[in-house]
Amino acid sequence: MPNDLINTDPIVAQNFYLEIDGEKLLLSGVSGLDIELDVVTIQQNGKDGKKQSIKTLGTSLKVPDLSITRMAPMDAMADPVWKWFKQIHDGGFKGTDRASNRKNGSIVFYDTTLAEVGRFNFFNGWPTKISTDAVSTDSNDPVKETITLVIERLERVK
């Protein structure tokens with residue numbers, strides 16, 4: 001029997017949280033966990049005047065925006081993400097302190113026994129948009145909201 005058979009369970013994408021400021025916020029969806037190298041493209045003429053494209057490694061990682069989905073909170077003004085968004089909306093970034101409203105946090109994955117199995121840390125993030133689902137009188141679906149976080153760095157550490 002070959003040694004390359006899968007010998008661990010896969011990460012099941014149903015138990016994940018946003019950790020920020022010591023709080024765990026349950027999420028129903030996450031996208032933007034992309035870690036991508038920067039590529040530099042150089043165009044030049046080669047032998048016989050034929051145009052060629054050379055691609056090489058750039059000097060940085062590309063930074064995505066995170067999009068997180070969760071159930072809308074019952075009291076938005078008591079919710080930590082809404083408070084954070086409102087603080088930025090009402091006051092902006094003050095002074096020369098770049099970190100004043102930017103926060104570090106994590107998207108954390110858990111297995112079915114709630115043991116941590118994956119972690120993405122983000123740095124200097126802040127919410128730029130909160131979108132609430134459309135609502136309808138003929139629906140029984142819970143109301144969800146999607147939050148866009150711009151970040152300056154993303155690392156997978158587990």
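Give the residues of the range 54-73 that are over 30 Å from Thr132 (Cα atoms), of a type outside the set (A, V, I, L, M, F, W, C) and either in a loop (DSSP other than H, G, I, E, B) or at pLDDT below 90 (or both), sorted by residue number. Break it down into steps so the answer makes sense when it comes.
Initially, the range 54-73 is screened for residues over 30 Å from Thr132 (Cα atoms), giving 54-61.
Cutting the leftovers down to of a type outside the set (A, V, I, L, M, F, W, C) gives us 55-56, 58-60.
Those that are over 30 Å from Thr132 (Cα atoms), of a type outside the set (A, V, I, L, M, F, W, C) and either in a loop (DSSP other than H, G, I, E, B) or at pLDDT below 90 (or both): Gly58, Thr59, Ser60.
Kindly indicate whether any position in the range 80-99 is among the hydrophobic types (A, V, I, L, M, F, W, C), farther than 19 Å from Pro127 by Cα and not in a strand (DSSP E or B).
No.
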Determine whether Phe85 is surrounded by 10 or more Cβ atoms within 10 Å (Cβ to Cβ) and farther than 30 Å from Asp9 by Cα.
-> yes
Hits in the range 48-73 (condition: without any contact (Cβ under 8 Å) to a residue 40 or more places away in the chain and hydroxyl-bearing (Ser, Thr, Tyr)) | Ser53, Thr56, Thr59, Ser60
Would you please name the residue that is farthest from Ser28 (Cα to Cα), looking only at residues in the range 54-94 that are out of contact with any Pro (no Cβ under 9 Å at 6 or more places or on another chain) and acidic (Asp, Glu)?
-> Asp90
Could you grab the pairs with beta carbons closer than 9 Å, sequence gap of 6+ or different chains, first residue in the range 74-87 and in contact (Cβ under 8 Å) with a residue 24 or more places away in the chain, second one assigned to a helix (DSSP H, G or I)?
-> Trp82/Ala76
Looking only at the range 136-151, count how many residues are modelled with pLDDT under 95 and either buried (at least 19 other Cβ atoms within 10 Å of the Cβ) or more than 23 Å from Lys86 (Cα to Cα) (or both).
-> 7
Residue satisfying all of: in the range 34-53; in a strand (DSSP E or B) and over 30 Å from Leu149 (Cβ atoms); farthest from the chain's Cα centre (by Cα) among these | Asn45
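Only residues that are of a type in the set (A, V, I, L, M, F, W, C) and under 16 Å from the mean Cα position of the chain (by Cα): list them for the range 86-114, please. Spell out how you get there, then give the answer.
Within the range 86-114, the subset of a type in the set (A, V, I, L, M, F, W, C) is 88, 93, 99, 107-109, 114.
Selection gives Ile107, Val108, Phe109.
The values are calculated or read from the model by the stated rules, or taken from the named source; none is laboratory data. Since the structure is predicted, the reported quantities are computational estimates derived from the model, not experimental observations. Because the Cβ atoms are built from the backbone with ideal geometry, glycine has one as well, and the counts that use them run over all protein chains shown.
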